[in-house]
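Structure record follows, encoded as structure tokens.
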Amino acid sequence: MLNIKCPYCGDRSQKEFAYGGDGTITRPKLNQEISDEEWDNFVYLRKSPRGKHIELWHHIAGCRQWFKVERDTTTHEIFRTFKPEE
Amino acid sequence: MSQNFRLNTGGLINRDKPIEFKFNGKKYIGYEGDTLASALLANGIHLIGRSFKYHRPRGFFGAGVDEPNAKMQVEINGCSEPNINATEIELVNGLSASSQNCWPSVNFDIGAINNFLNRFFPAGFYYKTFMWPKSFWYRVYEPFIRKAAGLGIASLEKDKERYEHKYEYCDLLVTGSGPAGLASAYAAAKNGAKVILAEDKPRYGGTLLTDDVTIDNLSGKDWSEKIISELKEMPNVIVKNRSQVFGYYDHNMMVMFERTGDHLEKKPKYTPRQRLWYIRAKEVLLSTGSIERPIVFGNNDTPGVFLSAAAKEYMKVYGVLIGKKPIIFTNNDSGYETAIEFKKNGVNPIVLDTREDQKSELINEAKDLDIKIKFSYAVIVAHGYKKVKSATIGKLDKDKIDFENTEQIDCDSICVSGFWTPTVHLASQSGNKLKFNDSIDAFVPDKSKQNEHSLGAANGTFTLQDTLKNSFNTGSEVSKSITKKDEKIQIPNTNERKYSAHDKFWCSPLPKGKNYKRFVDFQNDVAVSDIEVALREGYRSIEHVKRYTTLGMATDQGRTSNLNGLQLVANVEKKIVPQVGHTTFRPPFTPVTIGTIVGREIGKEYMPTRKTPMHHWHEKNNAVWVDAGAWKRPRYYKRGNENLFEASKREAKNVRDHVGVCDVTTLGKIDIKGPDAAEFLNRVYTNAWLKLPVGKARYGVMLREDGIVMDDGTTTRISENHYHMTTTTAQAANVLSHLEYYLQIVWPELNVNVVSTTEQWAGAAIAGPKSRDLLAKLFPKIDVSNEALPFMGYVEGDLFGVKARIFRISFSGELAYEINVESDFGLFMWEKIIEIGEEFNVQPYGTEALSTLRIEMGHVAGPELDGRTIPYDVSLEGLVSKKKDFIGKRSLAKEAFNKADRQKIVGLVPLDRKSSIPEGSHLVENKNAKLPNPKLGHVSSSCWSVENNNPFSLAILKDGKNMIGKKLFAVSPLKNTSIEVEVMSSHYVDHEGKRVRS
Ligand SMILES: [Zn+2]
């Protein structure tokens, strides 16, 4: 069970959080002209990197804030957690 | 029966308190402070079970977690549990144990025939023997293997015991209360750190209880008692015995198993039997000690063969002799400690030392006591079937690969010592890659991956002086960095014997022409020859050898077999052990009961139960419940002998004819506020939201980015910047997370806040032609006419002094309203509706009637919005805006979503107007077609249409748009039905939707 530092609440057990997927994805802008391929990449394609990765997590049983976590996917080491705008 | 092998004095047991227990039906006496193992040994009982594969007689081998053989079925406090280690369970009055894996009895075991047929049970025999014919597997082989190889028998009864979970946080967790654990915990505690010290055994002290040492002129035992009592006085320290830290998980999450109840004769009512601790420790100090390694020789599994340290522990802790004519077979000085202890207790051992004419302090001491020592000697084979009677021993040649001469000597036990293996399981679990230490022939922890340090024997440090020095220092240093305090501690003076170098000898060679079975893994019956076979057959990786031979895969996790197994592979492969590597250590270190893992989360405590404020009214009115997530909802209200079908038909009919009331509190409710709320809704929903006036509701559909419908519901504009969204019961939590995601991550520039208000509002839907009349009586001051409060209108009112929200929305397709009041007034509202509605024939209706009403109206719900449908599929394409962008819109342009024969929702009626169509039925053109019969669609929802008095179903059908009027078959292989159906519009009742607007 990971120990995750919510940037708003502090250190909490993984139990309080939900994993929210790849934190490096940017949603295309509304009304943006976009090819089928680009859109499909956004909707479906995700990297599954070995090692350092930025993820989204959601403090569902806490402050209900989404934030980003830089984590090693093999060792589970967490290097930093930060607010989405940081 | 007398305790013939109990010493008159000595040990830590209480001879004033005899304890009666049973083994295999026979009564015995032991003492308070005994384990089941020590009490049986005191009574001279060695034969305790049969081995796993060959059913060979087996006896005790160790004295604690190292024990591979003594797994028993134990009945204690009326609960029967298999695979309990007899060396770990404490003796209590009334305990009843029996042998496992033997039939009909441990003395006469039919399975032992396997021992004589052992050429048919080679390594990998499960893989080789039972592969074919395939049909034999479940009929013949599996039942046979299960019966013959089964360990204990799990009880089929419900576990009546209570188990608990506990969460704890600390600066330092210290695992093990031997010298390393005591010293480090003490140093850290003195620095003010919050310390948890966990000891697996009932007694603290570890090897200090059995080793002949002094610390500051106190015996090891007295010193450990002094430290423990000081630690117990300190408010920043938790000291726990009977507690095994068995798992080292991510971010220093440690899991500990505490045995709280089984050792108590009368357990207080609320004391759990066992407790699971989740401990988040800033630092973990692993002082888990070491386990003695066996030396492998012929028939080394015969009862009466022990680890030498175990024999010593039985004498020093339990006052029990494991034998009166022992052979000590050793490759190092430890064996001499056991020999000396035997001698002190009046028993004459003979020591066989594999080393050549070794000299040391201990050996001199043994010589001074007149203990017979034979250097360069080894045990070749033990004789005796159910108990060791004699042994063939031999003088090793110079290379120690053969014997110069052999002789047979009488003995009743053989104590082996093949040096020490650090217990590195937890360190390895933490991610620490182990390194091989040549000087001790074993793996020790290397660089830490988490905040952990191994101390003392667990780190390969085998002298007391070094252990104490390192442990006091590490305890101080690690705690200092947390508490910033630095209390100086005087490291105590120690007195211990000096060891001379050990010998790497680990396995007696076979004399020419002899084929003795030499076991490496006792619990899984893996012999030297099995591993050799695996290697001959080409298995190379130690992980493969392990799986093929099952070496180290038993419940003892290879604690005594692991290194000898590696040594053997290394020898055969002409490698060295570090090149072979080691298999992975995984939690749990020792077996943990399922009850403890489950804890209190059983039965109705498995998950929380959500009840609406009207729950007790429903209960009093014979509601039959259905689970909707964690919610309890009335499925129907039973009157007299009604069944589900009759009751739901009555309730639905009453809505169509008069008026019904339904508890809709469980619907998800989300408050949305902020100047950009309308813009946000416009992006979330597929339809237009910018022009919704205050006081109006609108139905909306939201998609996922992949174009699939996520949820639907109505949202009402309460005031300028304030909206009230409803979601389905099932999707409430997901929708909230979804909205939060877009507001916080994707469009943080929108000034909008969302919060769940599901728990804050109680909701009642009143539906049916009489609902307006009822509403008028509930709110006499409000104009509820169709003009003043039209379909999709919203108004706030006063329900006999209670503030209420009134929404004119409908799920049933009838004229209907939904009233919300604050949850505290939910029951008040409900009772008023029932009371005032009496004159209009109001009846409560449950989810079954609710489904009937929505299905015959063609309203979609969960079964249609199943994560595979786009708006077109469920005929919601009219709600998809062409002008604006929204979440998931771009996906709707996908080719597959725009095919001419795209699936679409339809209605189905059986041709016979009688047969109900099972939900999940597949729609096919020809029911007798050759398999696989092409599937055209599936039945999503079924009901008995109360309007038309015949069955009606909704289905998602390929090219549904052009299938109206066609005849198909709805087949359900599960229900074994095949019903001819007619395809029609999904709107079976009130096609134009007049009623909701009436
Ligand atoms: Zn938080």
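The values are calculated or read from the model by the stated rules, or taken from the named source; none is laboratory data. Keep in mind that what you see is a predicted model, and the values were worked out from it rather than measured. Cβ placement follows ideal geometry from the backbone for every residue including glycine, while neighbour counts extend to all protein chains displayed. Each accessible area value is taken on the protein alone, full model and side chains, heavy atoms only, with ligands, DNA and RNA left out. Shrake-Rupley method; radii C 1.70, N 1.55, O 1.52, S 1.80 Å.
Between the helical axis of B:308-318 and the dominant principal axis of chain B, each derived from Cα atoms, what acute angle in degrees is found, rounded to the nearest 10?
Around 80 degrees separate the two axes.
So, with +1 on the Cβ of K and R and -1 on the Cβ of D and E, and no other charges, what is the size of the charge dipole of chain A about its Cα centre, to the nearest 20 debye?
For this selection, approximately 440 debye.
Once R0 is set to 60 Å, what does the formula 1/(1 + (r/R0)^6) return for the Cβ-Cβ distance between B:Glu157 and B:Asn437, expressed as a FRET efficiency to the nearest 0.05?
According to the calculation, E is roughly 0.80.
Once Lys and Arg get +1 and Asp and Glu get -1 on their Cβ, which of A:Asn41, A:Pro28, A:His53 lies farthest toward the positive end of the dipole of chain A?
Ranked along the dipole, the leading option is A:His53.
Under 26 Å Cα-Cα from B:Lys975, which lysines qualify once same-chain neighbours fewer than 8 residues away are excluded?
Excluding near neighbours in sequence, the set is B:Lys649, B:Lys904, B:Lys914, B:Lys927, B:Lys930, B:Lys935, B:Lys958, B:Lys966, B:Lys967.
For B:Val526, which sequence-distant residues (separation of 5 or more, or a different chain) have an amide H within less than 5 Å of its own amide H, given hydrogens modelled in the peptide plane?
B:Val520, B:Asp521
With only alpha-carbon atoms counted, please give the Rg and Dmax of region B:517-588, in Å.
In order Rg, Dmax, the Cα atoms of region B:517-588 give 11.0, 33 Å.
Taking 60 Å as R0, compute the FRET efficiency from the Cβ-Cβ separation of B:Lys967 and B:Arg540 and round it to 0.05. Walk me through the numbers on the way to the answer.
Working: r = 65 Å, r/R0 = 1.08.
Efficiency computed from Cβ-Cβ geometry: 0.40.
Quick one: Karplus J couplings for region B:882-887, per residue in order, coefficients 6.51, -1.76, 1.60, θ = phi - 60°, nearest Hz, x for Gly and Pro?
Each residue of region B:882-887 in turn: 8, 8, 9, 8, 7, 4 Hz.
Antiparallel versus total DSSP beta bridges in chain B: what percent is that, nearest 5? Kindly include the intermediate steps, with their values, before the conclusion.
Working: 137 of 184 bridges.
Restricted to chain B, the bridges split so that about 75 percent are antiparallel.
Given Cβ point charges of +1 (Lys, Arg) and -1 (Asp, Glu) and nothing else, what value in debye, to the nearest 20, does the dipole of the protein assembly as shown about its Cα centre take?
Taking the Cα centre of the protein assembly as shown as origin, the dipole is about 1660 debye.
Quickly work out the B:Thr9-to-B:Phe791 label distance, labels modelled 7 Å from Cα along the C-beta direction, and quote it in nm with one decimal.
In this crude spin-label approximation the distance works out to 10.1 nm.
What's the long-distance tail for region B:294-418, i.e. % of Cα pairs beyond 16 Å?
Distances greater than 16 Å cover 56 percent of the Cα pairs.
For region B:747-809 and region B:217-294, compute the distance between their C-alpha centroids and round to whole Å.
What the calculation gives is 59 Å, centre to centre.
Which of the residue pairs B:Lys325/B:Lys398; B:Lys882/B:Lys961; B:Lys221/B:Lys469; B:Lys359/B:Lys398 have a Cα-Cα distance greater than 24 Å in the structure shown?
Long pairs (Cα-Cα over 24 Å): B:Lys325/B:Lys398.
I'd like to compare B:961-974, B:489-502: which one has the highest average count of other Cβ atoms within 10 Å, and what's the full order after that?
Output ranking for B:961-974, B:489-502: B:961-974, B:489-502.
Would you grab the residues whose amide H sits under 5 Å from the one on B:Ser500? Only those 5+ places off in sequence or on another chain, please, with H modelled 1.01 Å from N.
Those lying under 5 Å, H to H, from B:Ser500 are B:Asp333.
Two decimals, Cα atoms only, Kirkwood Rh: what is Rg/Rh over chain A?
Checking Rg against Rh, the ratio lands at 1.03.
From the residues B:Phe811, B:Tyr318, B:Met607, which one has its Cα farthest along the dipole of chain B in the positive direction, the dipole being from +1 and -1 charges on Cβ of Lys/Arg and Asp/Glu about the Cα centre?
With unit charges placed on the Cβ atoms, the residue in question is B:Phe811.
If you plug each phi of region B:371-376 into the Karplus form 6.51 cos²θ - 1.76 cosθ + 1.60 with θ = phi - 60°, what whole-Hz ³J(HN,Hα) values come out, in order, with x for Gly and Pro?
Values, residue by residue: 7, 6, 10, 10, 7, 6 Hz.
Leaving out same-chain residues fewer than 8 places away, which lysines sit with a Cα under 17 Å from that of B:Lys673?
Within reach: B:Lys691, B:Lys696.
Just list whichever of B:Lys160/B:Lys240; B:Lys26/B:Lys387; B:Lys400/B:Lys514; B:Lys190/B:Lys447; B:Lys395/B:Lys574 have alpha carbons separated by over 23 Å in the model shown.
B:Lys160/B:Lys240; B:Lys190/B:Lys447; B:Lys395/B:Lys574
Enumerate the calculated ³J(HN,Hα) couplings along region B:837-844 in order (Karplus 6.51 cos²θ - 1.76 cosθ + 1.60, θ = phi - 60°), each rounded to whole Hz, writing x wherever the residue is Gly or Pro.
Karplus values, whole Hz, x for Gly and Pro: x, 3, 5, 9, 6, 5, 9, x.
Give me the percent of Cα-Cα pairs in chain B that sit more than 48 Å apart, rounded to a whole number.
Considering chain B, 47 percent of its Cα-Cα pairs are separated by more than 48 Å.
Give the residue from B:Leu362, B:Asn300, B:Gly346 lying farthest towards the positive end of the charge dipole for region B:294-418; charges sit on Cβ (+1 for Lys and Arg, -1 for Asp and Glu) and the dipole is referred to the Cα centre.
My answer, from the dipole projection, is B:Gly346.
Report the charge-dipole magnitude of chain B in Debye, nearest 20, computed about the Cα centre from +1 at each Lys and Arg Cβ and -1 at each Asp and Glu Cβ.
Dipole size: approximately 1860 debye.
Using a 1.4 Å probe, how large is the accessible area of B:Lys485, given in Å² and rounded to the nearest 10?
For B:Lys485, the solvent-accessible surface is approximately 110 Å².
Could you tell me how many degrees, from 0 to 90 and to the nearest 10, lie between the Cα long axis of helix B:220-233 and the main elongation axis, the longest principal axis, of the Cα atoms of chain B?
30
Around B:Trp223, under 14 Å between beta carbons, what's the net of Lys plus Arg minus Asp minus Glu among the other residues? Before the final figure, lay out each step's value.
Values: positive: B:Arg203, B:Lys221, B:Lys226; negative: B:Asp211, B:Asp212, B:Asp216, B:Asp222, B:Glu225, B:Glu230, B:Glu496.
Net local charge, B:Trp223 excluded: -4.
For B:Asn751, what residues show an amide H to amide H distance below 5 Å, using hydrogens built from the backbone and excluding near sequence neighbours?
Amide H neighbours of B:Asn751, under 5 Å, 5+ apart: B:Asp676.
Under a cut-off of 19 Å between alpha-carbon atoms, report the lysines in cross-link reach of A:Lys15, not counting same-chain residues fewer than 8 places apart.
The reachable lysines, counting only those whose Cα sits under 19 Å from A:Lys15, are A:Lys5, A:Lys68, B:Lys166, B:Lys282.
Distance between Cα centroids, region B:397-412 to region B:44-58: provide it in whole Å.
Between the Cα centre of region B:397-412 and that of region B:44-58, the gap is 26 Å.
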